[in-house]
Structure formats: C-alpha cells, structure tokens
1. Checking the a/c ratio against 1.5 first, then a/b against b/c, what shape does the Cα gyration tensor give for the protein assembly as shown?
2. Residue by residue through A:113-125, how many Cβ atoms from other chains fall within 10 Å of the Cβ on average?
3. Applying 1/(1 + (r/R0)^6) with R0 = 56 Å to the Cβ-Cβ distance of B:N422 and B:R125, what FRET efficiency is obtained, to the nearest 0.05?
4. According to a simple spin-label model (label point 7 Å from Cα along Cα-to-Cβ), what is the distance in nm between A:W227 and B:F335?
5. Based on the mean of other Cβ atoms within 10 Å per residue, sort peptides A:201-210, B:237-246 so the most packed one is first.
6. Percent of alpha carbon pairs in the range A:68-132 separated by more than 18 Å?
7. Estimate the FRET efficiency between A:Y257 and A:Y155 by the formula 1/(1 + (r/R0)^6), using the beta-carbon distance for r and 25 Å for R0, to the nearest 0.05.
8. If you take the square roots of the eigenvalues of the alpha-carbon gyration tensor of the range B:288-371 and sort them as a ≥ b ≥ c, do you get rounded (a/c under 1.5), prolate (a/b over b/c) or oblate?
Amino acid sequence: MPSPEIPVPAWEINPSSGWLDLRIRGSWHYKDLVLRLVRRDFLVSYRQTVLGPIWLILQPLLTTLTYIVIFSKVAGISTDGLPAMPFYLAGILVWNFFSECMPAVSSTFSSNAAIFGKVYFPRLVVPVAAVVSQLLRFTIQLGLFFPVLLYYTLYRRTIHPNLLMLAFPLLIVILAGIALGTGLILSVLTAKYRDLNNLIYFGLRLMMFVTPVIYPLSIVPSGIRFWVRINPLTPLTEAFRYAFLGKGQFSWGYLAYSFICMAVILFAGIALFNRMEDQAMDVL
Amino acid sequence: MNNSLIQVENVAKRYRLGTIGTGSLKADMMDWWNRKVRNKKDRFQEITEEDKDPNGYIWALQDISFEIREGEVLGIIGRNGAGKSTLLKILSRVTRPTRGRIRGRGRIASLLEVGTGFHEELTGRENIFLNGNILGMNNREIRSRFEEILEFSGVQKYIDTPVKRYSSGMYVRLAFAVAAHLDPEILIVDEVLAVGDAEFQKKCLGKMKDVSEREGRTVLFVSHNMQAVQNLCSRAILLQSGRIVSTGEPRQVIAHYLHSGRKYDLLQQWSTPGEAPGNQHIRIRRVEIQPMPAEPGGPVDIRTPLLVSFEFWNLDPLHLCIGLQLLTLGGECIFDVSSPSVLLQQGIACGECLIPGNFLNDGAYSISLFFVKDTSILLYSHEECLSIEVADYRENVSWFGKWEGYVRPDFPVLLQMKLPQNPAS
C-alpha cells in the first residue's frame, strides 16, 4: 500500500541533469573535501622524494636556466630589453601554471573512475580541487620569483614593477578560469574518446609556441602575429610581465578580451561537465 | 504506518553493451553527419518501446517501484545480474536512471563505498579523513567520531602508518569503520559482509542491527545470505532479470527465491541406447537427484535428504560395481561411495543412493558416476552429470557468516556443568 506523498521530498533523482543545475547550496558542504583533496595531492606528490616540495622551486629555476642558455645565448632571441632571468621566469611561471592545471582538470574522469563509480558527490569538486592545488603550487613558486624581482629592481635597477601589480590576482583568476574551462571541456571529451588524450599534450606544446613565453609579443613577425594575438593567454603573459618587469604590451581592452574568453570557456566547460558527468560514468 | 522515506517510481536503467557512442571519434562524427545534416535516422536512437534493438542495449532494471519506510530494514535479494547493484548505484546517485524518478529525504550512505578514495601512500589517520570527506562528512563530524572509528577498526597501533603496509584485513576494517560511522538516515549495506574475517563479519552485522534496532535507522540490505536477510530484515524484495518479482515477508520472498532458483540439473534421461552416452558395455538411461523435503515443494536446504537414482542399459553380462562421487563445484571430492560388486545380466539395471539430511553443508554440488568391472577395471565414467544447490538453514544461531566445512553433520555435541562452584564454600 503506497503511503501518502513524502511530506518534504528533500531530493529527487531524475533521468537527466540540467546544463547549469549547479546545486551550489549542496556544494558548499563539500569544501572540506576540496581542501582534503588538495592536501592529498601534496602529501602524495612528495612522499618518497629526497627534496620534497623544493622541487616546486627547482623545476622552474632549472627551466629558466635552460631557456637562458638556449634561447637567449645560443639563439639570441630578444627579451624585450629585459634581463633574461626575470623575463623567462615570469613567462615560465604563467605558462607552467596553465600547462599543469589544464591536464590535471582534463584527467578528472580517467583518474577518478574508481571513486566516481562508487560514491556520489558533486563531481565538480575534483577539478576545482585540482585548480586550487595548482594555485597553491603557483603561490609557492612566487616565493622564488619575488627575490629575483627584488634583486633586479633594487640592486640592478633593470626592471620596473608598477601599480598594475595590484591587478595580479585578477590575472591569475582569468588564467585559472581558462585552464579550468578548457580542462572541463576536454575531460568530457576524453572520457568519451580516449584517443584525444594523446592530442592534449601535443596541443599544449603548440599552444606554448603561440604564447609569448620564450619571446616578447613585440618581436612576433606579422605573419603569425594574428595567431599569437588571438590566444587569450597572450594578454595575460604580457600583462604579467608589464606589471612586474615594466615592459610588455598591455592594455585594459586587450585584458578584457582575455576575460571574455575566460567567461565563455568556463561557462561552456561547466555546463558541458554538468550535463555529461553521469553519462561519462556509464562509459568508464 | 511509518512515513515513507524514499519512493522509487517506475525506475528503469538501460546500459549500452560496450561503450557509449561508437567509441571512436570518426564513427561518431559520421553518425552526427548522417543524423543532423542528412537528416537520417540515428542508428543508436533513443529507444522508447521495449528494447527494439537487442543487439546494442540491455535493460538492467525495468519498472522498479517500491518505497522504503522510516525505520524498516528492507532486504533486496536476487541472483547475480538481477539488477541489485544497478539499483544501489541509482539510489546512491552514482548513475542516473534512464526512466522514472526517485524522491526522498535524508542522507543515504552505502557500504558499497567501503574504502573508496583510500590512498596507499597516506596514513590511516589521513585516510579516515579523506574517506570521510568523500563520503560526505565534514571535518567536524569526523573529528567528533574519530575515537569511535579508531576503536571499531582495531588498528589504533598503526594509525600513523601508510595503509600500504596494512594487511588486507586491517585495511578493510579501517575502511568499514569509517563507513559505519557515517550516521546516515538511510544505510545501504551491500555484499561487503563477504570480506573480512568471521569476527569482523559479526561486528558488522552487529553494527547494522544496532543502527536499525537501537537507533531506529532505515537500512537497505543487499545480500546473497538468505539467513541474514531472514533474521535482520522486516521486509524483502526479490529482483529477477531487472524486475521485482516478489515483495513482502522475508520468509515468503526467500522461499520464492529458493524455489525459482532450482534451475539446476536434477535429471538426465535418454529413451534409446543409441543416443545415450556410454560405450559398448554401458549406456546411461536415466540419472536423477530427487530432493526429499519435509513438505512437498519446500526449499532444498541442509536438512533435506537427497535421493540419487540411476538406470542404465547393461550390454554385457558382467560383475559390476557402481561408484558415486559427490563434488563441490570447484571439483573437490567430498565423498566417494561404492556399491557391492554384483553379477548383472544384459538388460536395464537400476540403483540408488540416499544422501541423508543434516549431512551436507550449504553450497552447490555435482555428482559423478563410475562403472567398474571386477572391482578394478573402469568401464565408463559419467562425470559431473547432475548438480544441485543446497541452501543454508540455521536455528537458534545469531551468526550469519559462512559456515565452515565441506560437510555439516548433525553429530551431537554435549555441554554441561561438571563441577558447579558452590556459592557457600
């Protein structure tokens, strides 16, 4: 005998989820989980390594030294009149953040299939935790960047940080948003088509060449300039350099372009992810 | 009548065999092109009627409707592949139904989640928090129950050791301890009872009993263990091929299950020697196991005597004895008995052997027959020709784990006081 309707049905399970049914209220409950996943990420990364988190600083430092030798000394590529060390370091920090964040997000389904197959929680928790974890790494790496900045600003007086520095958090938010949005879209696609995984790293490498990491935007020849300029990461890299080093092509309008790209990609990413998360689970 | 906590309405779940999509980008793009651009029909069109395209899909569940009332312990039983796991997955929101809806209130926690998210490299302590967070507890809730979890798991000494150094038993205990302390309104207990040692199983069932009886919590119990279902559940549902075939009193539902389960090979017979298995000496005519339950049509359990009978065409006059072996499905022989050697004429011969009740343990068994001439020469063997499943039955026992042993004879075991302590002295 069916009893009367449930007085207050607190939840309902339906065949399909909406595009933007974000369940924000429920998600706040999972903030501890986000932080826990970030913590796990750190604990696990440096278990059984000799240098531990020092690698976070060592890695960009070594890359910078390599770039100085290859691109500056051997190839003689211009650094916009800036000293090579802070020039490359700035580019590498920005690029590394993006190039580690994006694949970390796009592998959401493949690396969590076992958990997703057993427990329900808002799936968005995992990519968000991946981004937070990368943000934390980035912050630690800034600990390397600032002494270098101080040295070149106060002692060598070859770079000129300015007030745009205050907009730095905005740059990072836009950057993280683009990485998250792109990663989310790719996570859904790679869950469905495994072969796309191979393309992600190839695509990242291509993208690095159209981002002013190892060269300033000012020396880009007009032939490929269009491709470099429509890359939404370009204004961010240039603005980052302009703010801390005093040189770079910066305009608020160009930054706004980047912001709009971020908003569109992120919106599309979240919508797609939300819509497809359940279906993706049936495939895995 | 208690209030309803969860209402499941016409839920159905369809899986595509293989992968969703065609699995490759090219084929999917061709599909899309055909469908959208050339306006042709999708070859994987959403199916509205009863499975019209049986080569791509299976319905794991169909027309499932039931409700779970506050405070009840609802048992779900069924064979492997009946849809139990799918139903649990839908209830715990891991996957969505293809049709229908489920409404309810309260937190659902399921013990199929045991150990999810455990990371080998992390310590027991870290894993308790990680697992707890994944299962939906916040840090405050976990901290307040930490001591209890630790005690229940019994791994206090190793709590700061990475779990990769744990034995599998410790690992499972710790994992279960977290899940058992979730404090959900509705607890889903799956077949996890199969893991861990006997003492731990007891602890788990005890915890489940606690949760349902003392705290009045609602439990959804999924198991193959009929004994446990009968003892713990207030109501049961039987799933068969994705449909509910029986609901109600656990005893009746279990009887239905055991009855429907008798698809085992109880009889083989042939009408002419030409088509029968055998050779120039022997042709099998009939082999049969007849369970002899106390009441006709009753379940075949460990109390039931089994009569094994056989008939064969004897083609040569010879001295013959028949050996009969009872084997587990794993092929281990439980016993090997033999008839005396008898001089048989040409014609049809028959024989039988009665396996008494209260002798075999629960499980599935098969029977092999051996035809031996002059007590030494094997003429023909008819191996693993019949099989039967013997169900468990217990009385006055509150332990539901697997009963050990190949046989379970009813030998009397005596227990009494030898020398009572005199309170006066």
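1. Prolate, since a/c reaches 1.5 and a/b exceeds b/c.
2. Across A:113-125, the average partner-chain Cβ count within 10 Å equals 5.
3. Working from the Cβ atoms, E equals 0.60.
4. For the pair B:F335/A:W227, the computed spacing is 8.3 nm.
5. In decreasing order of mean packing, A:201-210, B:237-246 become B:237-246, A:201-210.
6. In whole percent, the share of Cα-Cα pairs in the range A:68-132 beyond 18 Å is 55.
7. Efficiency at R0 = 25 Å is approximately 0.10.
8. Prolate, since a/c reaches 1.5 and a/b exceeds b/c.
A short reminder: the numbers here are calculations on the coordinates, not readings from a lab. Computed from a predicted structure; not experimentally measured. Note that each Cβ is placed from the backbone with ideal geometry, even for glycine, and that neighbours are counted across all protein chains shown.
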